[in-house]
Structure formats: C-alpha cells, structure tokens
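All remarks here apply to the structure that follows.
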Amino acid sequence: MLSRTVRIIEAFSPDEPALTVSEIARRSGLHVATASRLVGELVAHGLLGRDTDRKVRLGVRLWELVTRASPTLSLRNTSLPFMEGVHDVVGHHVQLGVLDGGEVLFLERLSAPAPSSTTPVSPDGCTCTSPPADWSCSRTAPRTSRSGHSRHRSPSTPPARRPPPPV
C-alpha cells in the first residue's frame, strides 16, 4: 500500500501541480478505482487536497510533515547568514545545494535584486551533470523576501530534487 501511495505522490510535478484522479491513475500505473480510493484517503489526512474543479494537488499537511524534521533545514538556517554575506559582496545569485547520491538537493537561493550579466537560474531546474562542478539550469520567477532579495526556497517549502541527466 505504501508503494502505491508513493506512486500517487510522485505523479505530481512542478509543471502539473494539479491532476485529475484519472491522470493520477495513468501516471502511477494504478487502476482508476484504486487511485480514487487512495486519493480519497490521502485527502482525508490532508496529504492531498482537492480544488474546486475536483483536481487534486499536494496538501498542506504533506508540506508540514516534510519540513517538520528535515535534516537539511538546520544546514540551510546555518548557511543563510553566510550566503547573504556572499550575496551582498558579489551582488549575484547565490545558491546552496548538496549532493545526495547522484542528485543535487537545492536548499536555498538568493537572487540579485537587479538583472546581472549572468542569466538568472532556478534551483528547481538545476541538475548535477558532473559532480560537483558543472550545472545545467533553467529559469523560473523567484519570490521576493523581506530583505529585498529574491528567495526561491523557504523553510516551509521542501527542497527541490533533480536526478542527473542521462549520460
């Protein structure tokens, strides 16, 4: 049962954060009736939520549980003052990422308040192509934080995880 639940949760993506039960069933490889029953249970526990159009998305309770005991949160909180110092000195984007096997887990990003000569990148699109030196990244719009910096991640948002590209 747990593997089915994981398959349902893995059906969601940043590009498609809301899905119908039929889409979830197709992506997870589950029968529609099984997917519907499990989605109903996950919604009842707050791990998934339903929109007014009956589409399903990851629930707030899931985010709460993920961040509650995250081992990366203390690293992020410890690193943030140093990242802000680097950001203030260089005036460019600063990102904190750690290797986890063959994947890069991005914990935080500070963006320059004004456009720089480099292309702004999002931690969501970065993958480690040759650990740890070479990054392949894509753009997304970051959020503005209290300090005027642009923050892509916060303690209430689970970190982005990307697998390495095929060789």
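The values are calculated or read from the model by the stated rules, or taken from the named source; none is laboratory data. As the structure is a computational prediction, the values presented were derived from the model and not from experiment. Positions of Cβ are backbone-derived with ideal geometry, glycine not excepted, and every protein chain shown enters the neighbour counts. For the accessible areas, the whole protein counts, side chains as well, though only heavy atoms, and no ligand, DNA or RNA atoms are used. Shrake-Rupley method; radii C 1.70, N 1.55, O 1.52, S 1.80 Å.
Computed quantities for the displayed model
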quantity	calculated
The range 7-28 residues that are over 15 Å from G49 (Cα atoms), paired with ones that are of a type in the set (V, I, T) and not in a loop (DSSP other than H, G, I, E, B) (beta carbon under 7 Å, 6 or more apart)	S22/V32; A25/V32; S28/I8
Identity of the residue in the range 88-102, open to solvent by less than 60 Å² (accessible area, probe 1.4 Å) and in a loop (DSSP other than H, G, I, E, B), that ends up farthest from L73 (Cα to Cα)	G91
Members of the range 47-84 found to be among the small types (G, A, S), open to solvent by less than 50 Å² (accessible area, probe 1.4 Å) and assigned to a loop (DSSP other than H, G, I, E, B), listed by number	G59, S70
Residues satisfying the stated conditions in the range 77-95, i.e. of a type in the set (A, V, I, L, M) and either touching a residue at least 24 places away in the same chain (Cβ under 8 Å) or touching an Asp or Glu at 6+ places or on another chain (Cβ under 7 Å) (or both)	L80, M83
Which listed residue is surrounded by fewer than 11 Cβ atoms within 10 Å (Cβ to Cβ) and not polar (S, T, N, Q), from A44, A11	A44
